[in-house]
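All remarks here apply to the structure that follows.
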Amino acid sequence: QFPFGRRLPCDIYWHGVSFHDNDIFSGQVNKFPGMTEMVRKITLSRAVRTMQDLFPLEYNFYPRSWILPEEFPLFVAEVRMMKDSDPSWKPTFIVKPDGGCQGDGIYLIKDPSDIRLTGSIQSRPAVVQEYICKPLLVDKLKFDIRLYVLLKSLEPLEIYIAKDGLSRFCTEPYQEPTLKNLHQVFMHLTNYSLNIHSGNFIHSDNVNTGSKRTFSSILCRLSSRGADVKKLWSDIISLVIKTIIALTPELKVYYQSDIPAGKPGPTCFQILGFDILLMKNLKPMLLEVNANPSMRIEHEQELSPGVFKNVPSPVDEEVKVAVIRDTLRLVDPQKKKRKDVQQHIESCKSKINIRYNYLMCYRCQTVEHVSEANEELLDAGPADRREYGTTKSPEAGLPSLCLKQVFPKYAKQFNYLRLVDRVAALFIRFLGVKGTTKLGPTGFRTFVRNCKLSNSNFSMASVDILYIDITRRWNSMGIDHKESGMCLQAFVEAFFCLAQKKYKSLPLHEQVKSLIDFCEYHLAALDEKRLVCGRG
């Protein structure tokens, strides 16, 4: 640990909270710029909602959400409308403060009028979601799953999922919410940091029992009951990939702001904690994403009143040690060097074999070819000559990787969802000044002009009005006042608006895709024209 920094550069920097813990100019750092902001409850809800607008069926794993206080009137109106259309609908809602963690400030309500619209909701915005009333129960208890996901690279996108996770249990038998039990947090909230204070909490001394267990132990139990565990894993992988696809557009904006292209800077990777709830029908639902999941492998045990001792937790150790160990194996900078050396050795072997065959056919040239082949092997160095006989990897004594690659492995199945990524690429292109995250009015006009989007029905005056209206509304929501201009979310809204004007008869995702294709075509033609002029 270097609390006051370090002069010499490192291969890997492990930050505790965020990318900005230290100034770094090389190597790899275990945080992405902007990730902490992106997985806050409001930002995550907005990102997923954009994808729900485009692909409602593909993104039905996230509960219906409203942002407070700005969407409170909309929340009231939509709930009233749904109740009028279905009088038997008796919903429960869960209110989560935007910056809250470890269950802090979360509460359940039965009606919008129960929301605590005091001064705190103005100073501390929140998300209100439809509560999942029919979760899967084990031993009559509600539980959630913490899965560890490694985002190894943003461009190209590379995602790994740990083969095992944690199951965190409530400590009171579950009952569907009623006015009488709404406030029983040990029944409804699965947060470990809350339930550890319950008298019923059981510290696990193995992975199959207690209030915290391995996810694999739950899967074994489900499998013994005849559940389709393979399909469940497939659904979870799909949920993770789709969620990260929803987050990457804005992450790329943050990334280019902190690490501009063409300038020296580190590369990034990050371990994320996905909190997932299984419904009674085994459908996984996303609860939230944590940028800084706890990696503690011990818990406090009270030996006598006020006297605590840290005791190892076998369940945490089983899952978390493997995640960190294998993350370091995957990002190991020496691994690429070893791979390059191995490829050189294989190339040498191939040349030796070719020359040996040549030697058998043309014995008269033996001396020349054998000496050349030996020179190749000598050039590889002593360590590589040892590899020529029996190859022993530095990882030979380690267990197999617990992290499974899911992207780009399954890229073909999910690439069609990456429309907002392409919109973000257009946004970044027209930002102009490197290091900024907001688009000015001139940049927006240049985008419209270069993409040939203005015409007799949509003048440049209309372009300015669209920019002002959308930017003003997003800025009034309190979205990052450090810079003036249009943020990515506002640009996406404006882009959707333009797509709907231009391609009226198509579904929204086809409208957006058509406009992206149209813009990319005109920009490619413009780039080609500039290239030709440059050569001239």
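Taking the criterion of being of a type in the set (A, V, I, L, M), touching a helix residue (DSSP H, G or I) at 6+ places or on another chain (Cβ under 8 Å) and at pLDDT below 95, would at least one residue in segment 510-522 satisfy it? No: segment 510-522 contains no residue that is of a type in the set (A, V, I, L, M), touching a helix residue (DSSP H, G or I) at 6+ places or on another chain (Cβ under 8 Å) and at pLDDT below 95.
Scanning segment 268-287 for residues that are within 16 Å of the chain's Cα centre (by Cα) and open to solvent by 30 Å² or more (accessible area, probe 1.4 Å) returns a single hit, LEU287. The helices (runs of 4 or more DSSP H) falling completely within segment 417-536 that include 3 or more residues that are surrounded by fewer than 20 Cβ atoms within 10 Å (Cβ to Cβ) and without any contact (Cβ under 8 Å) to a residue 12 or more places away in the chain map to 460-476, 508-535. Within the set of pairs 6+ apart or on separate chains, which have a first residue in segment 141-159 that is touching a residue at least 12 places away in the same chain (Cβ under 8 Å) and closer than 23 Å to ASP316 by Cβ, a second that is of a type in the set (Ser, Thr, Tyr) and not in a strand (DSSP E or B), and C-beta atoms under 7 Å apart? Once the first residue is touching a residue at least 12 places away in the same chain (Cβ under 8 Å) and closer than 23 Å to ASP316 by Cβ and sits in segment 141-159, its partners that are of a type in the set (Ser, Thr, Tyr) and not in a strand (DSSP E or B) give LEU141/TYR174; LYS142/TYR174; LYS142/THR190; PHE143/THR190; ASP144/THR190; LEU150/THR327. Checked against the criterion of being part of a strand (DSSP E or B) and over 14 Å from ASP144 (Cβ atoms), segment 274-294 contains not a single residue that satisfies it. Within segment 476-494, does at least one residue satisfy the condition of being under 18 Å from PHE518 (Cα atoms) and touching a strand residue (DSSP E or B) at 6+ places or on another chain (Cβ under 9 Å)? Among the residues of segment 476-494, at least one is under 18 Å from PHE518 (Cα atoms) and touching a strand residue (DSSP E or B) at 6+ places or on another chain (Cβ under 9 Å), which makes the answer yes. Scanning segment 44-91 for residues that are β-branched (Val, Ile, Thr) and open to solvent by less than 30 Å² (accessible area, probe 1.4 Å) yields VAL48, ILE67, VAL79.
From the set of residues in segment 11-35 that are of a type in the set (D, E, K, R) and farther than 18 Å from LYS152 by Cβ, which is surrounded by the most Cβ atoms within 10 Å (Cβ to Cβ)? Top of the filtered list is ASP21. Against the test of being modelled with pLDDT of 95 or more and either within 30 Å of GLN405 (Cβ to Cβ) or not polar (S, T, N, Q) (or both), the options PHE186, PHE215 yield a single qualifying residue, PHE215.
Using beta carbons and a limit of 6 Å, which pairs, at least six apart or on different chains, have the first residue in segment 168-183 and within 19 Å of PHE215 (Cβ to Cβ) and touching a residue at least 24 places away in the same chain (Cβ under 8 Å) and the second one surrounded by fewer than 14 Cβ atoms within 10 Å (Cβ to Cβ) and polar (S, T, N, Q)? From segment 168-183, the pairs are THR171/ASN200.
The values are calculated or read from the model by the stated rules, or taken from the named source; none is laboratory data. Please read all numbers here as calculations on a predicted model, not as lab measurements. Backbone-built Cβ (ideal geometry, glycine too); neighbour counts: all protein chains shown. What goes into the accessible areas is simple: the full protein's heavy atoms, side chains included, and nothing from ligands, DNA or RNA. Shrake-Rupley method; radii C 1.70, N 1.55, O 1.52, S 1.80 Å.
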